[in-house]
């Protein structure tokens, strides 16, 4: 059973409305709802006549989301990460799925040279986006908060993660990606070959759509609402976008978004969005966040040097919108 698999591995999704579209032999069944602080969509391509079984599969997946969200989100009182943030260590047998996610997040931090840092919560708290009341902190407050940030302060062994009690994790930059990967693994284990999973811009597509073609994925234009910067066609691929167009505020004519550079404590105003392609959604999630913080020049160089595919949208020195993509991004 897919529910048993996800409960063992970690959990997933939610539901609100249902739509069905058919071709001659195939049906795509899709469920979408608000979960994990965003919209989550799951689409299965199935043989016509197996709709009830597919709906049951969706419900099995959705039944696990609250459990997973409570474990991966630091805001859940009594949740596993919430408890770890208030302590100095976590045993692997406390929550193996969370343990694995923290391990991966620290690996991504090392890989990106700290431009992705899962211990950034003191900066996030200071700016107030997580409370729905963002504000511009004083420079001395940012300097103080940065003293509590640093993935290097955390140590990991086979069975325990240790940290100073004042080091706090915010896994928002990888949790959605890991959830998408868990869904993918569970669906493949259950024999599903063709599906799409989308958790607020963290997308994985497997196989083909109901028209037996690659999945078409539109990349949001971060400046013009309801417009797209391009469309790519992919299969068996994760496509993840980090952008400044959903959470932001203006002060004295300057735009401040929720995507912070862990090294400075400030968002990077020149960047608007970064889209990364990979076979692992959590990895793409972390890299997109890191490249956004690096900026257009260093971020693009990082992608190229590491053989990664990405697409950057940014403002140049004159304030004009520019784009840059790696060589195989649109293939």
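FYI, it's all coordinate maths here, none of it is from the lab. In this text, all values refer to a predicted model and were calculated from it rather than measured experimentally. So basically every Cβ, Gly included, is an ideal-geometry build from the backbone, and we count neighbours across all protein chains shown.
Note down the relative contact order for region 128-257 as a percent, whole number, built from C-alpha pairs under 8 angstrom at least six residues apart. That works out to 15 percent.
Shape class of region 84-170 from the Cα gyration tensor (axes a ≥ b ≥ c, square roots of the eigenvalues): prolate, since a/c reaches 1.5 or more and a/b is larger than b/c. When 110, 71 are sorted by how many other C-beta atoms sit within 10 angstrom of their C-beta, beginning with the fewest, the order is 110, 71.
If R₀ is 45 angstrom, what is the calculated FRET efficiency for the pair residue 51 and residue 330, using the beta carbon separation as r and rounding to 0.05? Working from the Cβ atoms, E equals 0.80. Shape of the chain from its Cα gyration tensor (a ≥ b ≥ c, root eigenvalues): rounded if a/c is under 1.5, otherwise prolate when a/b > b/c, or oblate? Verdict is oblate for the chain. The packing ranking of peptides 232-240, 206-214, highest mean first, is 232-240, 206-214, where packing means the average number of other beta carbon atoms within 10 angstrom of each residue. A crude spin-label estimate for the pair residue 93 and residue 157, with each label 7 Å from Cα along the Cβ direction, gives 1.5 nm. Distance from the C-alpha centroid of region 134-197 to that of region 41-60: 30 Å, rounded to the whole angstrom. Spacing of the modelled spin labels on residue 304 and residue 266, each 7 Å from Cα toward Cβ, amounts to 2.7 nm. Region 284-322 and region 91-121 have Cα centres separated by 22 Å.
For a modelled paramagnetic label at residue 214, 7 Å from Cα along Cα-to-Cβ, the residues of region 266-298 in reach, with backbone nitrogen under 15 Å, are 277-279.
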